[in-house]
Amino acid sequence: MSTVSSPPEETLASVVIVDYGLGNLRSVTRGLERAGADVEITDDPAAFAAADGVVLPGVGAFREGVENADPLREDLLAVAESGTPLFGICLGMQMLLTTSEEGETDGESAVQGLDLIPGTNVRFAEGQKVPHMGWNELEVQRDHPLIEGIDGQYAYFVHSYYAAPDDENAVVATTDYEREFPSIVANDDGNVFGTQFHPEKSGETGLQILRNFVEICAEE
């Protein structure tokens, strides 16, 4: 299954959005097109390998996301290994980690994420209002090309779990929601990264992040 969008007037890079049955594919596509990308929505691994960058979107539960994407697991790992930028959004970001507490309270055994950024996804503390929904500030913790021009800006969140990487250096930006949590993470090599918030729903801040991503892709 494959859908190719109409290219913008000026295409800076080719980007594939992974279609594994979950995610705001259309809104992510529109955002990337505005940022200068030629976008293809597909589950074809050959397209992943040919693209300048790959986006792993996602809305929903960790287990469902991992199980849906499992047929593409090795292909996504190959994208990361090749050095191609791999950008996880919301659930897609959580799937970059090793595992999640989600489902454990229902007696379900843990499922394995992609383990590209070692760590786990944990639920907000008991007593906190979940899901965390709405606009919150991004505080940059370290340099990464994805966050150029967004320190102190606000982004739109909808989530009940957040990433807790094993290595604190994986944290690129944080957000405060009664506690500080990582809102942008990245691997050591810098080509695998994710946002807990939805850039495609975050106005000019989100568009800036998508532009930064497309520029990263164009440089590869």
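The values are calculated or read from the model by the stated rules, or taken from the named source; none is laboratory data. Being a predicted model, the structure only gives us computed values, none of them experimental. Cβ atoms come from the backbone with ideal geometry, glycine included; neighbour counts cover every protein chain shown. Ligands, DNA and RNA are excluded from the accessible area calculation, which covers all protein heavy atoms including side chains. Shrake-Rupley method; radii C 1.70, N 1.55, O 1.52, S 1.80 Å.
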Seminar exercise, completed: Carbon and sulfur atoms account, in whole percent of the 1.4 Å probe accessible area of the chain, for 44
Exercise. When the chain is fully extended, how far beyond the present Cα-Cα distance does residue 30 get from residue 189, taking 0.36 nm per residue of separation?
Worked result: 54.4 nm
For this session: As a check on your grasp of the helix formula, calculate [θ] at 222 nm for the chain: sum -39500 (n - 2.57) over DSSP H runs of n ≥ 4, divide by the residue count, round to the nearest 500.
Result: -7000 deg cm²/dmol
For this session: Sorted from largest down, give the three principal axis spans of the alpha carbons of the chain, whole angstrom values.
Result: 49, 38, 29
Exercise. Separation between the residue 73 and residue 133 pseudo-spin-labels, each 7 Å from Cα along Cα→Cβ, expressed in nm?
Worked result: 3.3
Seminar exercise, completed: For residue 88, the residues 5 or more places away or on another chain with a placed amide H closer than 5 Å to its own amide H are 56, 193, 194, 195
Problem set entry | Peptide ranges 125-131, 210-216, 54-60 listed from the most packed, as the mean C-beta count within 10 angstrom indicates | 54-60, 210-216, 125-131
For this session: Over the chain, average the accessible area per residue using a 1.4 Å probe and give it in Å², no decimals.
Result: 44
Exercise. With the chain treated as a Gaussian network of Cα nodes joined by springs under 10 Å, which of 40, 81, 180 yields the largest mean-square fluctuation?
Worked result: 180
